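The values are calculated or read from the model by the stated rules, or taken from the named source; none is laboratory data. Owing to the predicted nature of the structure, the values given are computational and were not obtained by experimental measurement. With ideal geometry, Cβ positions are generated from the backbone for all residues, glycine too; neighbour counts draw on all protein chains shown.
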Amino acid sequence: MKKITLIATLCAAACALPAQQYFVGNCDKDALSYKCGEPMNFQIGLFEDGKPVVGQKLVWEINTDDGTSAKGEAVSAQQPLKLSTKCNRPGFARVKVFAVDKDGKKIKSQMAKNRPLSFQGGAGADVCKIATSGPEPKDFDAFWQKHLDELAKVPMNCKVKPLPKFSKDGKFNVSELTIDCVGKPAKAFLSVPVNAKEKSLPIHVTLIGYGVGRIAPKPRADAISLIVLRHSYETLQNDDYYKKMRDGELKAFGLKAKENQNPDNCYFKNMILRDLRALDYVKKNVKEWNGRDITVQGGSMGGFQSIFMAALDKDITLCLPHVPWMTDLWASDCNTTRQRCEFKPEWTPAIRYFDSTFAIKRVKCPVKITAWLGDYVCPPAGVMALYNNANKNTSIDFGQNGVHGGCMSKPETSKHFTLSK
């Protein structure tokens, strides 16, 4: 094995390698261009300071959306590890390679936020033929129209609380909004540049991913910034406040089947209505909006929210979902071969009303989807079904060697593959 310093040896013993160790890997052609049954050939190497690491124990695993799997062991060498697979139905192959210690325990990577030192990626076969696994509710539009009508009946009462500590030396007017809505109030942060002229700026809406915690305002010089909180709770509190919510009222919010028997009672319904209410307030009350441009953006659950917002508010002009969640929810429970989503609501027919792959059919503005081939919180097949259901002016970008939390290596070593229509 390559000689390393005493400090690095101690780090390895604690299952943490120096930050400069990383995997580089890819397949032998565009990862989105394979046909069903066509061999997908991967070359994956472990590097340190740009040079191959020799002698490191590796374990690998391959799973595909046609239900096949394989696993094995290897040792890193001057030449990359070669792996091959295929997928015999429209879907994806998932390829994982981990560095492990002598006891088989996965080594951690400081570069990848202390996640396992690994390659996690894949490739797809006939990806443009991937369809949703089950039908959308026949009353999908009627369901949402009913709740939009209900929202419209709630008066637009808003409490505006100035937050001067976030003004960045007086350059921004920053405030907390509490707006009456269906159920609990919508909570949001609004930031407007102080010297902005009337009708001069676009609106940029940020939606937040799954979780319970402290969110802070993030002013933007180029836009009216609206950050809509995922929950209707107090803002800018200490950790103990959010821990109590996380362990109590908001524990596993939206995930339990017993709470999702009736779509009217699903947690995500009022979440989407709060998003729409906050944006509607800004459109009607912030004179700096140019009256034209509105971008909605978010990752994971924030991506899910951005798609539903763009589907339900036709004033939105650009949708930017990153690793979008809640895609093809039927697949994990009603499809016997597709690889399972690792984090999703327990299946009930009611959650189909919150499936992003159905909502995106209603989005008319341009959509730019970004995702990772190794992400199985938001599996590539579900994200691809989302893209396939989208209208024109939609693009998708899949990165190689990345998971839900981001790139597993140096970003410049991650290949990206795109489709557009």
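A few points about this structure:
Condition check ((1) assigned by TED's automatic domain parsing to the domain that holds A310; (2) of a type in the set (A, V, I, L, M, F, W, C); (3) at pLDDT 95 or above; (4) in contact with a Pro (Cβ under 9 Å, 6 or more places away or on another chain)) across all residues:
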position: K364; (1), (2), (3), (4): yes, no, yes, no
position: V367; (1), (2), (3), (4): yes, yes, yes, yes
position: T370; (1), (2), (3), (4): yes, no, yes, yes
position: L386; (1), (2), (3), (4): yes, yes, yes, yes
position: D397; (1), (2), (3), (4): no, no, yes, no
position: K410; (1), (2), (3), (4): no, no, no, no
position: S420; (1), (2), (3), (4): no, no, yes, no
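- Looking across the range 247-260, the residues that are surrounded by fewer than 12 Cβ atoms within 10 Å (Cβ to Cβ) and assigned to a loop (DSSP other than H, G, I, E, B) come down to G248, E249, K251, A252.
- Scope the range 43-70; condition within 11 Å of Q339 (Cα to Cα) and acidic (D, E); matching residues: D65, D66
- Within the span defined as the range 169-178, every residue fails to be at pLDDT 95 or above, assigned to a strand (DSSP E or B) and among the basic types (K, R).
- When residues of the range 217-242 are limited to those that are in contact (Cβ under 8 Å) with a residue 12 or more places away in the chain and charged (D, E, K, R), the one farthest from M271 (Cα to Cα): D222
- Qualifying strands (runs of 3 or more DSSP E) (wholly inside the range 36-131; at least 2 residues being crowded, with 16+ Cβ neighbours inside 10 Å and at pLDDT 95 or above): 40-48, 57-64, 81-85, 91-99, 118-125
- Of the residues making up the range 336-360, those that are of a type outside the set (S, T, Y) and touching an Asp or Glu at 6+ places or on another chain (Cβ under 8 Å) are R338, Q339, W347, R352, D355, F358.
- Annotation: K368 fulfils all but one of (1) under 15 Å from the mean Cα position of the chain (by Cα); (2) within 24 Å of C87 (Cα to Cα); (3) surrounded by fewer than 21 Cβ atoms within 10 Å (Cβ to Cβ); (4) among the charged types (D, E, K, R); the unmet one is (2).
- Checking each residue in the range 112-160 for being charged (D, E, K, R) and without any contact (Cβ under 8 Å) to a residue 24 or more places away in the chain picks out K138, D139, K146, D149, K153, K159.
- Single unsatisfied condition, N157 versus (1) over 30 Å from L32 (Cα atoms); (2) surrounded by 12 or more Cβ atoms within 10 Å (Cβ to Cβ): (2)
Yes or no, residue by residue, for (1) of a type in the set (A, V, I, L, M, F, W, C); (2) closer than 18 Å to Q297 by Cα; (3) surrounded by fewer than 24 Cβ atoms within 10 Å (Cβ to Cβ); (4) out of contact with any strand residue (DSSP E or B) (no Cβ under 9 Å at 6 or more places or on another chain):
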site: T348; (1), (2), (3), (4): no, no, yes, yes
site: I351; (1), (2), (3), (4): yes, no, yes, yes
site: D355; (1), (2), (3), (4): no, yes, no, yes
site: K364; (1), (2), (3), (4): no, yes, yes, yes
site: D375; (1), (2), (3), (4): no, no, no, no
site: Y387; (1), (2), (3), (4): no, yes, no, no
site: F398; (1), (2), (3), (4): yes, yes, no, no
site: H404; (1), (2), (3), (4): no, yes, yes, no
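- Residues within the range 181-224 that are closer than 19 Å to F308 by Cα and in contact with a His (Cβ under 8 Å, 6 or more places away or on another chain), tallied: 2
- Looking across the range 189-230 at every residue that is in a loop (DSSP other than H, G, I, E, B), aliphatic (A, V, I, L, M) and under 25 Å from the mean Cα position of the chain (by Cα), the one that is surrounded by the fewest Cβ atoms within 10 Å (Cβ to Cβ) is identified as A216.
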